[in-house]
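Each remark here refers to the structure printed beneath this line.
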Amino acid sequence: MKLKKVLVANRGEIAVRVIRACRELGISTVAIYSEVDRESLHVQMADEALCVGPPAPLESYLNMDAILAVARKSKAQAIHPGYGFLAENADFARRCEKENVIFIGPDSRALALVGDKVASRVTMSRAGIPIIPGMKEKGSDIGHFLAEAEQIGYPVLLKASAGGGGKGMRVIACPEELAQAVEAGKREAKGAFGDESVYLEKYLPAPRHIEFQMLADKEGNVVHLFERECSIQRRHQKIVEEAPSVALDDALRAEMGEAAIAVIKTARYTNAGTVEFLMDDEGHFYFLEVNARLQVEHPVTELTTGVDLVKQQIFIASGRKLNFQQRDVNRFGHAIECRIYAEDPTNGFMPSSGRVLFLREPGGPGVRHDCGIYSGCQVPVHYDPILSKVIAWGIDREEARRRMLSALQEMVILGIQTSVGFLQDIVSQPEFVAGNTRTDFLEKYMLPWKQELDQDLLEAILLGAAVDAQGKSRAQKEGLPVRERKISPWQMGGGWRIGGL
Amino acid sequence: MAKTAGRSFQFSIEGKVHRVSLACESGRWRVQMGGRQLEADAWPISDNCLSLKLGNRSLTVYLARDREFRYISIDGKQFRVEEVRELPKDQAFLQMQSAPAASAVVSPMPGQVVKIHVLQGEIVERSQTLAIVEAMKMENELKSPRRARVRKICASPGDLVDAGQPIVELELEE
């Protein structure tokens, strides 16, 4: 079946990414937006756009009734959920199936299985795939958690059964911390996924995070597109990812690829997905979970394999068979991604919001920028603070790394706090250069962090500020406008409609 | 080109105040800062971009203004620069006099109060969690900066708060 119209049930850079893939395929797009997102980039880029509700995610981007109503109204044949929000929600997939709207992702059965992290741990362990020691059922009361934690041995990691992205996750070092952590984790899980189930597993202090990109069609063909390493994390959320991993040789890569294929086949999973593993320094790996969605970091796989994952998702969802096999999948060169967040790395990565006063995007050979913002846009407080992703490809890791550094130096985002300067220091850190990346990298080598300010830089900043202030004050004295401000009705915010449409 | 009278500015960067004096002479800037004298050439490229030359060194300064702040980026390194206007002496004195004996723990960002962990009059220890504010789907714990007594609770769970809004007022406990 050839799709003609797709509803993109997301916002920000990932909605933009999906819209681009649809455009390439000649598929028209329907954006949804909340009341604070009317001026967002994804709304501008889509062919049609409909408001689904107030800013709070539960009332808009997680509002299944409203989204399905938009799908009916716009006659969209399929819904692409992006990542986050409803991407891994089995209930939503089931409702799409009932209403004959194609959910671009796995079916509701597979989603329910892998979405329940506890159930998928049990299933994979039975299939002989190594898992991290921990609970094989959801925790109930605090006594249950205490007993389980005692048996696993502290420190333990509290995780939400229904989702990832660090939401609801807490490292618990001792019994005294358990009650408060469980309470907060449940609340965060409920807010993010609508399900407060949490469980405990053994906390591995400094593993590498290795994941395999998978594609599976509806006829049972499964391929992997090699690994990504995503060990650089803050708040259990990845911020720098790369492919390939320096820690895998061909033998281990093949072994892990086989295990990942077994996971997907055991779950009878279809569409794009990611099998996540943690790996210790001896090369032992443990199944962590299946991310049943397009990943934030999918571009590093796209740049090293040449496969467009969003287009593959659309092909598989519309019933096409994979048109290549495992032996056809090649990789070439090295790619690194840096996630640009609206946050303050000098203050616990506190989210920042506000207006982007100016944006300059990076460029150059091998540089890709997946971006959800523009000069003048508002970054609302209600959603995940990801702004964009810079991805650099090079013939080897060092070339990719230097291109990344150069791209980050070209990047300008003014008006809100971002992680651009922090990311430059990460990719310049000698341990990163050497490939010594483990999940404790930031705590060990980077934090606390401050933007370095040497004499040359300070002089340039002061000079720039002073010349600007001088120009401004002279303009004021001579009665000239400080900035030529053309006021057009389009800038007068809110409520402007043409002909009462 | 005519010579213009010099002007002085004070800017605060990362908590430190710097003084800069500028004078324009034949299209070039004579700059004094930190006891150093420099000559510079500054070309406005656009409203948000200034091309600077310090000797042969070419620098591109990106900047945007928002109230008393300037956001400045050079080589992808961003800074928030605040223009400091000198207060008349008596006002500065008044500000010192009214320095608070109590301090407020404020919300670091706009968000929603999820929980208040303390009660009025309670003694809290350093690093004790006072309240939880959620923004962008992440819970952020507001911790006590020191041992103190809770003087006042200024917000309730469910309240939407702005950056800088007091959540809990503390007074020093000796």
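When the Cα centres of segment A:56-119 and segment B:101-174 are compared, how far apart do they sit, in Å? Using only Cα atoms to place each centre, the spacing works out to 38 Å. When A:THR29, A:THR123 are compared by accessible area at a 1.4 angstrom probe, the order from most to least is A:THR123, A:THR29. Annotation: the antiparallel percentage among DSSP beta bridges lying fully within segment B:7-83 is about 100.
Peptide A:450-460 shows a mean partner chain C-beta count of 5 within 10 Å per residue C-beta. Remark: relative contact order (chain A) = 13 percent; criterion is Cα-Cα distance under 8 angstrom and separation of 6 or more residues.
An ellipsoid equivalent to segment A:390-460, defined through the eigenvalues of its Cα gyration tensor, has semi-axes of 21, 17, 12 Å when rounded to whole angstrom and sorted largest first.
Going by accessible area, probe 1.4 Å, with all protein chains left in place, what is the ranking of A:ASP396, A:ASP440, largest first?
A:ASP396, A:ASP440
Report Rg/Rh for the protein assembly as shown, rounded to two decimals, where Rg is the Cα radius of gyration and Rh the Kirkwood radius. Using only Cα positions, Rg/Rh for the protein assembly as shown is 0.98. For segment A:23-181, the alpha carbon positions stretch 55, 36, 27 Å along the principal axes, listed from largest to smallest. Distances longer than 34 Å among the Cα atoms of segment A:208-446: what percent of all pairs is that? Value for segment A:208-446 (Cα pairs over 34 Å): 16 percent.
Peptide B:77-86 is shielded by partner chain Cβ atoms: per residue, an average of 5 of them sit within 10 Å of its Cβ. Each helix, a run of at least 4 DSSP H residues, gives -39500 (n - 2.57); summed and divided by the residues of chain A, these come to -10500 deg cm²/dmol at 222 nm. Loop-located GluC sites (Glu not before Pro) across segment A:368-474 with a Cβ neighbour count of 11 or fewer within 10 Å are A:GLU452, with loop assigned by DSSP. Once each part is reduced to its C-alpha centroid, what is the distance from segment A:340-379 to segment A:407-460 in angstrom? If you average the Cα positions of each part, the centres end up 15 Å apart. For segment A:5-104, the equivalent ellipsoid derived from the Cα gyration tensor has semi-axes of 17, 16, 12 Å, listed largest first.
Counting Cβ atoms of other protein chains within 10 Å of each residue's Cβ and taking the mean over peptide B:104-114 gives 3. Among the protein heavy atoms, those of A:PHE332 account for about 130 Å² of accessible surface (1.4 Å probe, every chain in place). Here the accessible area is traced with a 1.4 Å probe on the protein chains. For the protein assembly as shown, carbon and sulfur cover 50 percent of it. Pair-distance distribution of segment B:102-172: all C-alpha pairs, bin width 5 Å, starting at 0; shares per bin in whole percent are 4, 20, 33, 24, 14, 4, 0.
Could you tell me the calculated FRET efficiency between B:GLU86 and B:ARG147, based on Cβ-Cβ distance and R0 = 45 angstrom, to the nearest 0.05? Given R0 = 45 Å and the Cβ-Cβ separation, E is 0.80. Solvent-accessible surface (1.4 Å probe) assigned to A:THR437 amounts to roughly 0 Å².
Averaging Cα coordinates gives a centre for segment A:301-325 and one for segment A:22-50; these two points are 23 Å apart. A:ASP65 contributes about 90 Å² of solvent-accessible surface, heavy atoms of the protein only, 1.4 Å probe.
Considering only A:GLN326, A:ILE416, A:ILE264, and ranking their Cα positions along the charge dipole of the protein assembly as shown that arises from unit charges at the beta-carbon of Lys, Arg, Asp and Glu, the one farthest toward the positive end is A:ILE416. Excluding ligands, DNA and RNA, the accessible surface per residue across the protein assembly as shown is 44 Å² with a 1.4 Å probe. Under 1.5 on a/c is rounded, so check that first for segment B:7-83, then, if it is not, pick prolate when a/b is larger than b/c and oblate when it is not; a ≥ b ≥ c are the square roots of the alpha carbon gyration tensor eigenvalues. Cα axes put segment B:7-83 in the oblate bin. Solvent-accessible area lost on pairing B with A (1.4 Å probe, both sides summed) amounts to about 5400 Å². Bridgeable lysines around A:LYS444 (alpha carbons under 22 Å apart, same-chain partners fewer than 8 residues away excluded): A:LYS202, A:LYS238. Each residue, A:LYS450 and A:ASN347, gets one label point 7 Å from its Cα in the Cβ direction; the gap between the two is 1.6 nm. In order along segment A:192-198, the phi-based Karplus estimate (6.51 cos²θ - 1.76 cosθ + 1.60, θ = phi - 60°) of 3J(HN,Hα) comes to 7, 10, x, 9, 8, 5, 9 Hz; Gly and Pro are listed as x.
The values are calculated or read from the model by the stated rules, or taken from the named source; none is laboratory data. Computed from a predicted model, the values in this text were never measured in an experiment. All Cβ positions, glycine included, derive from the backbone under ideal geometry; neighbour counts span all protein chains shown. We work out accessible area using only protein heavy atoms, side chains counted, and drop any ligands, DNA or RNA first. Shrake-Rupley method; radii C 1.70, N 1.55, O 1.52, S 1.80 Å.
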